[in-house]
1. For the stretch 284-298, enumerate the residues that are open to solvent by 50 Å² or more (accessible area, probe 1.4 Å) and among the aliphatic types (A, V, I, L, M).
2. Is it true that N119 is farther than 30 Å from E417 by Cα, modelled with pLDDT under 90 and of a type in the set (S, T, N, Q)?
3. Of R80, R135, which residue is closer than 21 Å to T38 by Cβ, open to solvent by 40 Å² or more (accessible area, probe 1.4 Å) and either polar (S, T, N, Q) or more than 29 Å from the chain's Cα centre (by Cα) (or both)?
4. Based on this model, can you work out whether F100 counts as assigned by the TED database to the domain that holds L71 and modelled with pLDDT of 90 or more?
5. Answer yes if at least one residue in the stretch 394-406 is in a strand (DSSP E or B), more than 22 Å from H288 (Cα to Cα) and in contact with a helix residue (DSSP H, G or I) (Cβ under 9 Å, 6 or more places away or on another chain), and no otherwise.
6. I need the full set of residues from the stretch 381-410 which are at pLDDT below 90 and open to solvent by less than 50 Å² (accessible area, probe 1.4 Å), in order please.
7. Please enumerate the residues belonging to the stretch 328-341 that are part of a loop (DSSP other than H, G, I, E, B) and over 18 Å from P183 (Cα atoms).
8. Based on this model, can you work out whether I155 counts as open to solvent by 40 Å² or more (accessible area, probe 1.4 Å), under 29 Å from Y265 (Cα atoms) and over 19 Å from the mean Cα position of the chain (by Cα)?
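The values are calculated or read from the model by the stated rules, or taken from the named source; none is laboratory data. This one's a predicted model, so the numbers in the text were calculated from it and none came from an experiment. Cβ placement follows ideal geometry from the backbone for every residue including glycine, while neighbour counts extend to all protein chains displayed. Heads up: the accessible areas ignore ligands, DNA and RNA and are worked out on the full protein's heavy atoms, side chains in. Shrake-Rupley method; radii C 1.70, N 1.55, O 1.52, S 1.80 Å.
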Amino acid sequence: MGGGTSRAEPSQEGRREPDFTRFKARVDRVYIAGLQRTHDDYVQRAARHLFKAQNFQDVIVETANVKDDLLRLGIYKNLRISIDTSKGEGASKNGYTVTFTGEELSRITGNVGVEVGQNDGAATTELVTPNLFGRGERLSLNLSRSYVRNSVVNIKLTKPFYHTAVGDYEPETSITVFRNASPHPWSKYRLEDNGALLDFSFAIPSLGFSNSLQYELGMKELFALDKQTPFFVREHCGPRLVSTFRYIGQYEGRDDSVFPSSGVYAKGTAELIGSRLSQLGIVRQELHAELNVPLFLGASVQLCGRIGAILQDKRKESLPINQLFFPGGPQTLRGFELAGACPRRDGIAAGCRSYWATGLHLWSPLPFNQYFGGFGNLFRTHAFYNIGTCDTYTTDKLRSTAGIGIAFRMGQKARIEFNYCQPLSYEAGDRVVKGFQFGIGYEFV
């Protein structure tokens with residue numbers, strides 16, 4: 001009476017996961033089934049690490065890695081794994097046979113979706129012929145139309161080299177034939193771009209670096225947007241042959257690309273531009289960097305910066321207006337309209353040859369975030385301070401804005417921001433936004 005029964009708590013050892021490293025194991029055979037159009041040499045390299053397994057834990061881990069590598073080759077619709085003890089001739093004492101069975105992608109696939117750009121969204125349609133010649137080649141036709149009337153049509157042939165001796169560096173080449181048309185209402189012109197792009201990209205996965213070397217040759221033609229287009233813009237109108245060498249380098253060290261709480265990110269673009277190969281007179285460079293430091297209770301501090309500069313040899317090339325920078329807007333300087341923080345002429349944005357912008361943010365989860373479940377993780381609140389200027393690297397003609405806002409995650413790369421902005425300093429003629437401002441994109445300052 002008055003006594004009670006108590007159940008003994010399970011021991012910590014009883015709840016421990018099994019240690020598969022205690023079981024010796026090796027892989028005797030690997031079968032990759034379901035290949036019809038694909039050449040054997042394209043998939044063989046993906047399975048090489050399985051034969052280095054020394055225990056059953058290694059077998060499990062390497063099998064999962066091989067599955068990821070096979071799916072990355074772009075030939076399978078789905079993939080199943082089977083691990084069984086090795087039998088028959090040549091079977092070892094602790095040997096296993098690993099079988100990957102999959103279904104190849106159809107000869108023609110397609111999708112319709114939405115693509116997010118910098119303060120722009122587009123409806124896209126894509127037709128793809130995957131694994132065209134049996135070693136991951138891919139031919140795609142892409143059509144897109146955005147709500148600001150940008151239109152893109154391109155045909156792209158991609159050739160990966162994942163199966164070669166340098167496959168760990170993810171080398172890939174592509175050639176793209178494109179036609180782009182985009183209005184630029186802040187400067188009263190429309191740009192049509194037709195040409196071809198050669199690209200060679202590779203990565204250094206152990207360091208988080210990715211690199212892209214490009215050569216673009218095309219015809220760029222500017223048109224007056226309406227009758228109010230001023231004469232200094234009309235001077236640039238007409239067709240222009242453009243030859244561009246481009247390098248894009250990127251370092252990704254963040255824990256998340258949309259709402260990072262720690263890590264570093266940097267992306268740089270350098271272009272050498274001219275009207276032909278022997279006459280390259282414009283160098284255009286832009287660098288974006290980001291530092292994230294975690295605090296407490298899910299909060300973090302973020303410091304962003306972006307800088308751009310153009311160097312010109314006037315003896316070789318004139319500088320068209322479409323090559324200039326147009327700072328301002330949610331992605332560069334909040335509290336300003338798109339292209340609203342650069343010099344103006346005849347009432348429109350005239351662009352600048354250099355600019356810099358920085359941003360300091362304090363990010364935190366929604367209050368009472370735990371009560372919203374997983375849905376609450378799609379949102380973050382932030383307080384921010386943006387500062388920057390153009391055509392100088394000093395603090396002259398400084399623009400600055402402070403504010404607060406809320407951001408919503410869109411997929412794994414983009415976000416929507418809804419901010420309340422208070423411009424603190426600006427120049428005469430700047431187009432400021434006092435109050436609420438909407439922004440959508442994937443790279444913000």
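1. L287, L291, V293, L295, L297
2. No.
3. R80
4. For F100, the condition - assigned by the TED database to the domain that holds L71 and modelled with pLDDT of 90 or more - is met.
5. Taking every residue of the stretch 394-406 in turn, none turns out to be in a strand (DSSP E or B), more than 22 Å from H288 (Cα to Cα) and in contact with a helix residue (DSSP H, G or I) (Cβ under 9 Å, 6 or more places away or on another chain).
6. The answer is T392, and nothing else.
7. P330, Q331, T332, R334, G335, A341, listed by residue number.
8. The answer is no for I155.
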